[in-house]
Amino acid sequence: MPPSHEAGWAHADGALKAPSWLRPPTDPNALVPTLWSSTAHKADGDLTIGGVAVADLVADFMTPAYVLDEADLRARARSFRDAFATFDVFYAGKAFLCTTVARWIQEEGLCLDVCSAGELTVALKAGFDPGRIGYHGNNKTYAELRRAVDAGVGRIIVDSFAEIERLTQITDDLKRSANVMVRVTAGVEAHTHEYIATAHEDQKFGFSITSGDAFRAVEQVRAAKRLELLGLHSHIGSQIFDSSGFEVAARRVLALHARVSEELGVTMPELDLGGGFGIAYTTQDDPSDPAQLATEMSKIVEHECKALGVDVPRLSIEPGRAIVGPSVCTVYTVGTVKPVTLDGGAVRTYVSVDGGMSDNIRTALYDADYSCTLANRESDAEPVLARVVGKHC
């Protein structure tokens, strides 16, 4: 298909012109609410966030720069806390963590997930209560586990038999107990990109329910003198917009929960359903609000527990990007604008910004899409098809 016919694009004085449905709204200052933090606003082409002009931030800090809206992040944290009032809500620190964010998360009443020694260091330096920290990861070293036990981390999510053995030795050596959750793979093919789906069988995380490894892991934890079994953990992936994946996973994980109760005589008090709730990067994305998610997930678990004849365990979830993602934007400065003449005479315009894979790997990793806006001026030029590109290959 020649470039001039891409998705309805037409020639305009040798350039490629946007079809009407892709052109900016009549108001050049309009922002799509789902794509921006709640305080983002444009007037006369100038973007402000939290009442601060982005142009002023660029003058002070240069670009590329991440701009985080504190009021918006706090509000999203509260919305999850309030909607999931009967759950424990763990903010997934891997989405974005620094000492300030850790303090905000604690002040808003959430718990915190970490998955490396560095993230644990940041959390503890911020004064985060270690009893409200969960420690994730598929390759926790002996030193990392020992530090987690020393610090009194509230839960360690074990991911392999080797890790259970390390943790057993550490708790015996220190003569201290550790609360443990067993991460299981439920065999669910989440409707997301294959690189961020984490509940199918052939992947690095967790113990397979189907193979029997998950049940054996529970038995191994139970046999350890100082490991306290809290329950099972399941996470099906990231950028999930469809609750059906959670429903299938919950059914399979709760079946294992019931089997443990029946065969081992152990009632595990907790169940973690993970996170991965999708957010809007473009107008094509339609994320669920926390209240809707809480209603759907609660109904799923209650229905399955009733069918299995077991009590509903204490539930927890792990939103990360759903809290911080919409609160942050990345600001770039446009440098080279290069028109390239294509076969047939059409012109492709390449707009180069001063960032790229060094500040955002997602586009190169799995073709992630984004929306962008001109942040410091208005333009009355006709829109043309352009590729916004970074500095790196």
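The values are calculated or read from the model by the stated rules, or taken from the named source; none is laboratory data. Note that this is a predicted model, so its numbers are computed, not measured. Every residue, glycine as well, gets a Cβ built from its backbone with ideal geometry; the counts of neighbours run over all protein chains shown. We work out accessible area using only protein heavy atoms, side chains counted, and drop any ligands, DNA or RNA first. Shrake-Rupley method; radii C 1.70, N 1.55, O 1.52, S 1.80 Å.
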Would region 310-325 turn up any residue that is over 26 Å from the mean Cα position of the chain (by Cα), touching a residue at least 12 places away in the same chain (Cβ under 8 Å) and not in a loop (DSSP other than H, G, I, E, B)? no
Got at least one residue in region 341-355 being among the hydrophobic types (A, V, I, L, M, F, W, C) and either open to solvent by 70 Å² or more (accessible area, probe 1.4 Å) or in a helix (DSSP H, G or I) (or both)? no
Report, ordered by the first and then the second residue, all pairs with beta carbons closer than 9 Å, sequence separation of six or more or different chains, a first member in region 36-64 that is among the basic types (Lys, Arg), and a second member that is not in a loop (DSSP other than H, G, I, E, B). 42/48
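Quick check on my filter: what residues within region 171-182 are of a type outside the set (Ser, Thr, Tyr) and under 26 Å from residue 256 (Cβ atoms)? Working first, answer last.
Going residue by residue through region 171-182, those that are of a type outside the set (Ser, Thr, Tyr) are 172-176, 178-182.
Those that are of a type outside the set (Ser, Thr, Tyr) and under 26 Å from residue 256 (Cβ atoms): 178, 179, 180, 181, 182.
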Taking region 220-251 on its own, how many of its residues are over 25 Å from residue 111 (Cβ atoms), open to solvent by 50 Å² or more (accessible area, probe 1.4 Å) and assigned to a helix (DSSP H, G or I)? 3
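Given the residues 150, 113, 159, 88, which is the only one that is farther than 30 Å from residue 48 by Cα and in contact with a Cys (Cβ under 9 Å, 6 or more places away or on another chain)? Spell out how you get there, then give the answer.
Details: 150 fails: in contact with a Cys (Cβ under 9 Å, 6 or more places away or on another chain); 113 fails: in contact with a Cys (Cβ under 9 Å, 6 or more places away or on another chain); 159 fails: in contact with a Cys (Cβ under 9 Å, 6 or more places away or on another chain).
Of 150, 113, 159, 88, the one residue that is farther than 30 Å from residue 48 by Cα and in contact with a Cys (Cβ under 9 Å, 6 or more places away or on another chain) is 88.
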What number goes with the only condition from (1) modelled with pLDDT of 95 or more; (2) buried (at least 20 other Cβ atoms within 10 Å of the Cβ); (3) under 25 Å from residue 91 (Cα atoms) that residue 146 does not pass? (2)
Out of the residues in region 261-286 meeting the condition of being part of a strand (DSSP E or B) and within 15 Å of the chain's Cα centre (by Cα), tell me which one is surrounded by the fewest Cβ atoms within 10 Å (Cβ to Cβ). 273
Filter region 104-116 for residues that are outside any loop (DSSP other than H, G, I, E, B) and over 15 Å from residue 72 (Cα atoms); which is farthest from the chain's Cα centre (by Cα)? 106
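Take residue 293 and tell me if it is touching a residue at least 40 places away in the same chain (Cβ under 8 Å), part of a strand (DSSP E or B) and open to solvent by 10 Å² or more (accessible area, probe 1.4 Å).
Values: touching a residue at least 40 places away in the same chain (Cβ under 8 Å): yes; part of a strand (DSSP E or B): no; open to solvent by 10 Å² or more (accessible area, probe 1.4 Å): yes.
Spelling it out, it is not the case that residue 293 is touching a residue at least 40 places away in the same chain (Cβ under 8 Å), part of a strand (DSSP E or B) and open to solvent by 10 Å² or more (accessible area, probe 1.4 Å).
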